[in-house]
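The structure under discussion appears below in the form of structure tokens.
Read-outs: derived from the displayed coordinates by stated rules, not from any lab. Being a predicted model, the structure only gives us computed values, none of them experimental. Because the Cβ atoms are built from the backbone with ideal geometry, glycine has one as well, and the counts that use them run over all protein chains shown.
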Amino acid sequence: MSSLILGIESSCDETGVALVRLQGGAAVPQLLSHALHSQIDMHRAYGGVVPELASRDHIRRVLPLTEHVLQESGCTLKDVDVVAFTRGPGLAGALLVGAGVACALGAALDKPVLGVHHLEGHLLSPFLSADPPEFPFVALLVSGGHTQLMRVDGVGQYEILGETIDDAAGEAFDKSAKLMGLPYPGGPVLSKLAEGGNPEAFKLPRPLLHSGDLDFSFAGLKTAVLTQAKKLGDELEARKCDLAASTQAAIVDVLVRKTMTALKETGMQRVVVAGGVGANKLLREQLNMACAKRQIRVHYPELHLCTDNGAMIAMAAAMRLQAGREQAHKNYAFDVKPRWPLDTLQ
């Protein structure tokens, strides 16, 4: 018997809603419809996310997006069997909007609800692709706030192999872009600019590349970019493409080489890349090349599902229910977890 799961994502600056159908047996859950609203244009004027504005915008967007998803899928609210929402980590106020709406819908429909870990949503998002992975695998989770290498043996079976001790890869992209005077959000702008530059123009550090472990550090790279930008002075404008290309090359080099080390140490033959930085063109090219040499399979989310979205939340809820890791419940008193380590999940 199939179940219909409505997923709501509101952890930061994207409002996402989606419907996923959980089939019987071990079949991969099926995405029926999803809708997403990005707040980038609103936050651009401030050079970053303003939490209060983010929360208010989620309130305005979540119900219209829900109506759109239901209409597109040909379903109604009465057809929904479980309402899932992002419980954390993220901005507290933004998380409360999604949690509040989900629990209110659950109570009104007399349907159970389920709080989902945002990073588990990213981790399982490649299962939404046309080429879903199989367990076990090594996961490279790279987003604005997180950079982690994990061993994944199944749903809820996560072991952190290495993680960032300061800035995440996404932060390194965004902060470096800001130092170069690029507009918000800086990461994608820097990557686009890098396409016209020389990645070997500037010798930038690869922090912790030879540390002997699988941890990451990108704060030193950011400082090196600042130093180089100051050194260039009036020449910065003319050399921005080269500096962007060199910065991107340094970040990607560390990510790829640490991932390949993790694969070697675990003996795994499959790697999954998830999170916003997973959309980076150079990262995909370099990782594909490195893995092809060792006949390792690489899986990514679809490009439009790399950013935060409701589909990954609905999918994570469906897979947790399918694996028997969790039961949805009709306790509509909710809380959120702005900080919530992924390896504490069961």
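Show that you can apply the helix-only estimate: for the chain, add -39,500 (n - 2.57) for every DSSP H stretch of four or more residues, divide by all residues, and state [θ] at 222 nm to the nearest 500. Present the calculation step by step, with values, prior to reporting the outcome.
Working: 10 runs with 144 residues, N = 346.
My calculation for the chain gives -13500 deg cm²/dmol from helical runs alone.
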| Förster radius 41 Å - calculated FRET efficiency between Glu285 and Gln157 (Cβ-Cβ, nearest 0.05) | 0.85
| note | FRET efficiency (Lys78, Glu52; Cβ distance; R0 45 Å; to 0.05) is 0.85
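Hey, what's the Cα Rg ratio for the range 1-50 versus the globular rule of thumb, 2.2 N^0.38 Å? Working shown, then result.
Working: Rg = 15.5 Å, N = 50, 2.2 N^0.38 = 9.7 Å.
Cα Rg divided by the expected 2.2 N^0.38 Å: 1.59.
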| note | Contact order relative to length for the chain, counting C-alpha pairs under 8 Å separated by 6 or more residues, stands in percent at 25 percent
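Step through the table entries Lys264/Lys337; Lys222/Lys264; Lys222/Lys337; Lys192/Lys231; Lys231/Lys293; Lys258/Lys337, compare each Cα-Cα distance with 27 Å, and write down the pairs that go over it.
Numbers: Lys264/Lys337 34 Å; Lys222/Lys264 29 Å; Lys222/Lys337 29 Å; Lys192/Lys231 23 Å; Lys231/Lys293 39 Å; Lys258/Lys337 29 Å.
Where the Cα-Cα span goes over 27 Å, the pairs concerned are Lys264/Lys337; Lys222/Lys264; Lys222/Lys337; Lys231/Lys293; Lys258/Lys337.
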| Cut-off 20 Å, label 7 Å out along Cα→Cβ of Asn331, residues of the range 1-44 by amide N | none
| note | Around Arg87 (Cβ within 9 Å, Cβ-to-Cβ, excluding Arg87; K/R +1, D/E -1) the net charge comes to 0
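How large is the convex hull of the Cα atoms of the chain per residue, expressed in Å³ as a whole number? Walk me through the numbers on the way to the answer.
On the way: hull volume 44.1 nm³, N = 346.
Normalising the Cα hull of the chain by residue number yields 128 Å³.
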| message | For the range 48-199, take every pair of Cα atoms, bin their distances at 10 Å starting from 0, and report each bin as a whole percent. | response | 9, 26, 33, 25, 6, 1
| field | Where the Cα pairs of the range 133-262 fall when distances are cut into 5 Å bins, in % | value | 2, 11, 21, 22, 17, 12, 8, 5, 2, 1, 0
| Tell me, how many Å apart are the Cα centres for the range 220-249 and for the range 10-64? | 34 Å
| request: Over the residues of the range 82-140, compute the C-alpha Rg and express it relative to 2.2 N^0.38 Å. | output: 1.36
| Sequence-distant lysines (8 or more away, or on other chains) whose Cα lies within less than 22 Å of Lys111 | Lys78, Lys330
